[in-house]
Amino acid sequence: MSEDGSQFIDSCIQIGNTLVFTDSNNKRLIICNSDGTDIHYIPLSYQPYYITEIDSNTVAVSCRHNNTILIINISTRSISSTINTSGLCYGISYNDNNLYVVIDWRIIHVMDLTGKVLRTIPLPTDDIFDITVHRDRLVCRERTSTYCCSLDGKVMWKFKMNGFQDLTRVTTDDEGNVYVTNKTAHTVIVVSDDGKHQRELLTKSDGLFRPCGIHYDKKENILLVCNIFNGNAFSFDVKYQHK
């Protein structure tokens with residue numbers, strides 16, 4: 001993406017050969033091919049912050065300051081529907097035909113695509129911003145800690161970083177490993193599926209500078225990471241070493 005000082009790239013996802021980024025400062029989505037070509041923009045009425053894939057053509061975007069979720073068709077570049085939430089909406093994840101949305105940092109509303117709230121899930125702390133849901137697990141993060149919970153909110157494990165940290169976004173792979181961006185340390189950390197092991201996976205030497213958005217493409221085993229300010233995004237092949 002162009003080095004536009006006004007860009008603020010908060011989140012990203014990869015859907016097939018398509019990359020989608022939220023640019024909250026300019027109230028738009030940025031869409032391009034996985035090689036960075038053919039860039040398009042979808043202008044929005046609100047600031048998008050968090051994004052999740054619904055299907056190969058559709059994403060859901062949470063616009064926290066407006067208590068609004070937008071369902072957007074990225075093929076036609078049009079808004080399919082708008083959902084109003086009962087509070088500030090933050091992290092969003094789509095799993096098993098339902099949207100999981102963080103409301104006011106404190107609780108998750110599980111809703112269908114019409115916005116009907118089906119149930120609520122308590123969060124482990126009152127400072128949760130981002131979540132990802134896959135199969136029977138909910139992973140969420142505050143600024144210094146990452147939690148793995150069951151889908152009824154029971155904490156399975158907690159991983160806390162040492163010292164001052166600014167964890168921003170989370171994603172998981174198909175084996176349950178958790179990947180977290182650390183904006184102040186310019187790193188991506190990976191935590192094992194049981195929460196017992198962690199290591200620095202990517203650093204400033206890999207091009208990261210205040211990384212924010214992160215997304216694991218489970219079909220292709222590709223990790224997409226974007227820097228928040230300078231317009232650079234990186235796509236990494238992930239290979240496992242099984243012991």
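Quick notes on this structure:
- Label-zone membership for segment 209-243, site residue 33, 7 angstrom Cα→C-beta point, backbone N under 17 Å: 235
- Rolled with a 1.4 Å probe across the full set of protein chains, the surface gives residue 105 an accessible area near 90 Å².
- Once the Cβ-Cβ distance of residue 114 and residue 79 is raised to the sixth power relative to R0 = 22 Å, the FRET efficiency obtained is 0.90.
- What the chain shows is 45 Å² of accessible area per residue, with the surface traced by a 1.4 Å probe over protein heavy atoms.
- Within the full protein context, the accessible area of residue 216 is estimated at about 0 Å² for a probe radius of 1.4 Å.
- Carbon + sulfur, % of accessible area of segment 14-78 - ligands and nucleic acids excluded, 1.4 Å: 38
- Amide proton proximity set for residue 80, modelled H, under 5 Å, gap of 5+: 71, 72, 73
The values are calculated or read from the model by the stated rules, or taken from the named source; none is laboratory data. The structure presented is a predicted model; accordingly, all values stated were derived computationally and were not measured. Counting neighbours? That spans all protein chains shown, and the Cβs are built from the backbone with ideal geometry, glycine included. All accessible areas refer to the heavy atoms of the entire protein, side chains included, with ligands and DNA or RNA removed. Shrake-Rupley method; radii C 1.70, N 1.55, O 1.52, S 1.80 Å.
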